[in-house]
Amino acid sequence: MASRPSDLPTESEKRARVREMFDTIAPRYDLINRLMTFGLDTRWRQRTIDLLGLSTPSQVVDVGCGTGDLARALAERGHRPIGIDLSIGMLRQAGPGSPPLLLADAAMLPFADRTMDAAVSGFAVRNFSELVAVIVEIARVVKPGGRIALLEVAKPEQRILEAGYKLWFNHAVPRIGGWLSDRSAYRYLPASVAYLPRYSVLAEMLGDAGFVGMRRDLLTWGAVQVITATRSGTVLTFVPQTALAEDSP
């Protein structure tokens, strides 16, 4: 994991700060996404669904669903998605006819064990304040043999592409976000890549939680990644540290 810039919230502050930020930027979030990705975000979601390789219809949970774009794409492909997000502001921006979207914490999913055929997450991994707990919760609710796909940003490896990526992501995106929405939020979003574990570390987390067959696909010259895996037959039990703290006398 990259070193964390000093202006990013600490792990103890992160949950509340991220929820407040997404509530603030929700009204123009989808518009700015289209602008700053040149509309490629819709193609990335479609490719994520392709990489899941699911038969239809499959029950899929979208963890950190935001305004429901990925959940809607799943529904359009014949699946039965249900989304969860911690930001009520983002959920309120979901359009008419959206799949079911619930206000819930990704570290405490409101579903019974082994009830989902798959789980997806679109650009949310780096925003989870308790990533290990989220991964284990996903492992709990996905059936053995079920699939997961995590869509996230990445950094191109070729120098010229990396330079262009940094120029756009670290400078242009905050300016566009500042003009159209909240400047501090769109400074946070590029900086939040520091929270994202390296693929080798994330693959180890997934393996520890009971996933096998990890694979990483790079999209758009390495600017975006999709990590897929399959749920093994073993279900682990995990109690988040925050829950232990709350239960302590």
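Points to keep in mind about this one:
- Prolate/oblate/rounded call for the stretch 26-66, Cα gyration tensor, a/c under 1.5 rounded: oblate
- Of all the options GLY177, GLY78, GLY146, the one that moves most in a Gaussian network model of the chain with Cα springs shorter than 10 angstrom is GLY78.
- Taking amide H positions as modeled 1.01 Å from N, with prolines and chain starts lacking one, the residues under 5 Å from VAL224 and 5 or more places away or on another chain are ALA154, LEU219.
- Tensor-based shape of the stretch 149-234 (alpha-carbon gyration tensor, a/c under 1.5 rounded, otherwise prolate or oblate): prolate
- Relative contact order of the stretch 99-235: 30 percent, from C-alpha pairs under 8 Å at least 6 residues apart in sequence.
- Long-range amide H partners of ARG147 with built H, under 5 Å: ALA118, ALA119, ARG231
- Vicinal HN-Hα couplings computed from phi for the stretch 85-102 (Karplus, 6.51 cos²θ - 1.76 cosθ + 1.60; Hz; Gly/Pro x): 8, 8, 9, 5, x, 5, 4, 5, 8, 4, x, x, x, 5, x, x, 10, 10
- Among beta bridges from DSSP that stay inside the chain, the antiparallel ones total about 45%.
- Karplus-derived 3J(HN,Hα), 6.51/-1.76/1.60, for each residue of the stretch 143-155, Hz, glycine and proline x: 5, x, x, x, 10, 10, 9, 10, 9, 8, 6, 8, 10
- Its Cα centre serving as origin, the stretch 77-127 has a Cβ charge dipole (Lys and Arg +1, Asp and Glu -1) of approximately 160 debye.
- For the chain, accessible area per residue (1.4 Å probe, heavy atoms of protein chains only), Å²: 48
- LEU86 long-range amide H proximity, modeled H, under 5 Å: ALA104
- Put a plus charge on the Cβ of each Lys and Arg, a minus charge on the Cβ of each Asp and Glu, and nothing anywhere else: the dipole of the chain about its Cα centre is then about 680 debye.
- Theoretical gain in end-to-end length, THR24 to THR56 [0.36 nm per residue, Cα-Cα removed]: 7.9 nm
- Gain on full stretching of the segment that runs from SER184 to ARG80 - 0.36 nm per residue minus C-alpha separation: 33.9 nm
- Listed by chain and number, the lysines whose C-alpha is less than 29 Å from the C-alpha of LYS143, apart from same-chain residues fewer than 8 away, amount to an empty set.
- Counted residue by residue at 0.36 nm each, then reduced by the alpha carbon distance between them, the extension gain from LYS166 to GLN46 reaches 40.7 nm.
- Residue of GLU157, GLU130, GLU20 that the Gaussian network model of the chain assigns the largest fluctuation, springs spanning Cα pairs under 10 Å: GLU157
- Label-to-label distance, ALA194 versus VAL212, with points set 7 angstrom from Cα along the beta-carbon direction: 3.9 nm.
- Computed over the stretch 1-142, relative contact order equals 24 percent, with contacts defined as Cα pairs under 8 Å that lie 6+ residues apart.
- Here the stretch 135-175 exposes an accessible surface that is 57 percent carbon and sulfur, computed with a 1.4 Å probe and the other protein chains kept in place.
- Contact order relative to length of the chain, as percent, for alpha carbon pairs under 8 angstrom and 6 or more apart: 21
- Environment charge at ALA124 (Cβ cut-off 11 Å; Lys +1, Arg +1, Asp -1, Glu -1): -2
- For the stretch 209-223, backbone phi angles converted through the Karplus equation (6.51, -1.76, 1.60; θ = phi - 60°) give residue-by-residue couplings of 7, x, 9, 10, x, 4, 9, 10, 10, 9, 10, 6, 6, x, 7 Hz, Gly and Pro being listed as x.
- Three-way shape call for the chain based on the alpha-carbon gyration tensor, with the a/c threshold at 1.5: rounded
- Of all accessible heavy-atom area on the stretch 52-104, the percent that carbon and sulfur account for (1.4 Å): 51
The values are calculated or read from the model by the stated rules, or taken from the named source; none is laboratory data. Since the structure is predicted, the reported quantities are computational estimates derived from the model, not experimental observations. Every residue, glycine among them, receives a Cβ derived from its backbone with ideal geometry; neighbour counts consider all protein chains shown. Quick note on the areas: whole protein, heavy atoms, side chains included, nothing else; ligands and nucleic acids left out. Shrake-Rupley method; radii C 1.70, N 1.55, O 1.52, S 1.80 Å.
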